[in-house]
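Encoded as structure tokens, the structure appears first; notes follow it.
The values are calculated or read from the model by the stated rules, or taken from the named source; none is laboratory data. Nothing here was measured: the structure is a model prediction, and the numbers come from that model. Please note: Cβ atoms are built from the backbone with ideal geometry, for glycine as well, and neighbour counts cover all protein chains shown. These accessible areas exclude ligands, DNA and RNA; they are computed on the full protein's heavy atoms, side chains included. Shrake-Rupley method; radii C 1.70, N 1.55, O 1.52, S 1.80 Å.
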Amino acid sequence: MAKVLYLDENVCIGCETCTRISPRVFHMVSEHKAGILDPKGDRIEKIEEAMDNCPVACITWDD
Ligand code: SF4
């Protein structure tokens, strides 16, 4: 089954790390919250780099 990218906005602290690592996939939806702009906007490795560097681990594969 295809992996679905999930970002838990309730947990996100808005540090902007994911948007710096993969700006075509993640964007800031408000000053303190990130969201998913385009789940297919970057290579899997780059998306997983963003996941690994999220300080609250709120970006996951929901499969
Ligand atoms: S890296 Fe995690 S905590 Fe930081 S903005 Fe992205 S989703 Fe939110």
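The table below gives the values:
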read-out	value
In the stretch 25-38, residue surrounded by the fewest Cβ atoms within 10 Å (Cβ to Cβ) [restricted to those that are more than 9 Å from the ligand (Cβ to nearest atom) and in a loop (DSSP other than H, G, I, E, B)]	GLU31
Within the stretch 1-24, tally of residues that are out of contact with any Lys or Arg (no Cβ under 8 Å at 6 or more places or on another chain) and assigned to a helix (DSSP H, G or I)	4
Scan of the stretch 42-57 for residues that are in contact with a helix residue (DSSP H, G or I) (Cβ under 9 Å, 6 or more places away or on another chain), within 11 Å of the ligand (Cβ to nearest atom) and not acidic (Asp, Glu), ordered by number	ALA50, MET51, ASN53, CYS54, PRO55, ALA57
SER22 being farther than 16 Å from ASP62 by Cα and open to solvent by less than 30 Å² (accessible area, probe 1.4 Å)	yes
Residue check for GLU9: near the ligand (Cβ under 9 Å from one of its atoms) and among the acidic types (Asp, Glu)	yes
Count - residues of the stretch 1-19 that are closer than 17 Å to PRO55 by Cβ, open to solvent by less than 70 Å² (accessible area, probe 1.4 Å) and of a type in the set (A, V, I, L, M)	2
